[in-house]
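The values are calculated or read from the model by the stated rules, or taken from the named source; none is laboratory data. Just so it is clear, the model here is predicted, and its values are computed rather than measured. We place every Cβ from the backbone using ideal geometry, glycine too, and count neighbours over all the protein chains shown. Each accessible area value is taken on the protein alone, full model and side chains, heavy atoms only, with ligands, DNA and RNA left out. Shrake-Rupley method; radii C 1.70, N 1.55, O 1.52, S 1.80 Å.
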Amino acid sequence: METNKRKAAVEEGYEHSLAGEGGLTSPGREREAKRQKQTNNDGPQPAQEATKPTPESDRPHTIRSAPPSGPGPGQAVVATGRAPRKWTDEYFRNLYTKDPSFKYLGQKDPDFAPFLDSKNQLDFNDPAAVMQLTKTLLKIDYGLRIDLPRDRLCPPVPNRHNYILWLSSLLSSSSYHHHTSSTQNTSHPVIGLDIGTGASAIYPLLGCVQHPSWSFIATDIDAHSLSFAQRNIHLNNLQDRVTLVRRTPDQPLIPLLDSTTRGIDRIDFAMCNPPFYSSPSDLLSSAAKKSRPPLTACTGAPVEMVCAGGEVAHMFRMIDESLVLREKVTWYTSMVGKVTSLETVVERLRRENIHNYAVTELVQGKQTKRWTVGWSFGGMRAGEVEGRGVGGVWKKLLPPVVRMEVGVWKDNREKVGKVVERVKQTVEGLELMSWEWSGERMRGVGRSRGNVWSRAWRRKREREMKAAAEGKKKDGDGDGSGVKEEEQCKLGFEVVIEVGKDGDTKVVLLWREGHDQGMFESLWGYLQGKLKDM
């Protein structure tokens, strides 16, 4: 029975914390801080100058302190906040695809071994054991050191890791450069916002290790959590890439319109793990449905776990703020704890006419599920996997399809060349804004000012050319933005030719940019017609 309980605890991936008061190690002297900074000057550089913490006197409510004492360079543990070269994008993608081996962790980390029994099992009813598991995973898999208080949430690493992976894929897929490895592509600085970073500041830590070009603004309303978050940032030499900002409950969740984030008026993403529960009784009721006693399921502080209206109200606040900020944040995202909440949030997005959104499912172990939702006011679409990662009966929650098969030719490798030529000939014959074809990868990217493949468009162009020839065309016709309407991109697309190991040849159309689903489907139908005789 005890073994089954432990197994269930692993599968649930629940958050744990320890009861009691936590304490901070005394900060190191300023001279020691300077020495550490000089010794670690080969560490990560700030992604953008604006993200550097400024003096406290110049930035209200921003947390700043000297680095705490701890093992120095050359000692047993030195965290750099930077992934070794061997830690590639593939490494992080494969991390936690299987449950961690406690036996292996105990052999690698002497601090973890004492928590294992004779069968190398971990007691998940012991908060100290759960806390050490988090520390050990971060140490071995990320090279990170953290200090956690005994009265705040202890984050499950695989779950937080999965959120970062999804965010990385979301940003990559909604870009024309999505085939470049996101971990290796450091040319574009990315700034993220972590709303409610908690004592661990785990999202900024994980994000910065995986992506050398990422930096974070991390907020929280709890001073106790922020004190530990600041310590963890310094322990890993990330103070130049993570800026902590203290907020109050009545302030906006996204601090882009006040003085706390001077110099930053636009960010790439906002992320949040909201308080799931609307009241303490709601928390206990939810925990009672699990296989373990309520108080051992989660004992985080109320400031972390509960807010008026629960997670739905919290996400509605984000939506309200996004309607004002709009494209100042490329992707607004949040984790969701209940599928009913996900339904409610998607319905709200649709009511606000926000149809460029993404949902996915994060599976923790074999039972527990979390979901993430993101939305954008920009034109770039999320990939099929990143945006439509919830299957089965939840199809009604999904955004529009962004991948459609144009045609498939079975067991016929000889036709590949003919298919390629027909696709190129068809698309190159259109009056596009741009078209780039890669013969090596057998894919092309196009941007169109409208449905230039339709008869209606051709007739319209003929009328315009005739009017221009007669001198009747008016100057400056457009939408009042200073850019003529026909010169704005209405549809970005990608045509991909896939050749399987079995010899099947497939032509796929991807929706890359734009808000008009009908135009995307119209292009798909046009290409089908051009290829149907092959």
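Summary of computed values
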read-out: Flagged links, alpha-carbon separation over 31 Å, of Lys424/Lys460; Lys396/Lys501; Lys490/Lys530; Lys328/Lys424; Lys410/Lys460; Lys139/Lys395; value: Lys396/Lys501; Lys328/Lys424; Lys410/Lys460; Lys139/Lys395
read-out: Cys272, Cys489, ranked by accessible area, largest first (probe 1.4 Å); value: Cys489, Cys272
read-out: For the range 329-432, alpha-carbon Rg relative to the globular expectation (2.2 N^0.38 Å, N residues); value: 1.44
read-out: Semi-axes of the equivalent ellipsoid for the range 113-162, Cα gyration tensor, largest first, Å; value: 18, 14, 11
read-out: Cβ-derived FRET efficiency at R0 45 Å, His188 paired with Ser118, nearest 0.05; value: 0.30
read-out: Approximate spin-label separation Lys506-Thr340, in nm, with each point projected 7 Å along Cα-to-Cβ; value: 3.8
read-out: FRET efficiency estimate (nearest 0.05) - Cβ-Cβ, Lys369 to Asp533, R0 51 angstrom; value: 0.65
read-out: Two-site FRET efficiency, Ala308 against Arg455, from Cβ-Cβ distance with R₀ of 45 Å, rounded to 0.05; value: 0.20
read-out: Diffusion constant of the range 104-232 at 4 °C, which comes from Stokes-Einstein with the Kirkwood Cα-pair radius and 1.567 mPa s, µm²/s; value: 81
read-out: Highest average packing first - 142-152, 508-518, 328-338, Cβ atoms within 10 Å; value: 328-338, 142-152, 508-518
read-out: Simple label model, 7 Å out from Cα along Cβ direction - Ser101 to Lys466, nm; value: 7.7
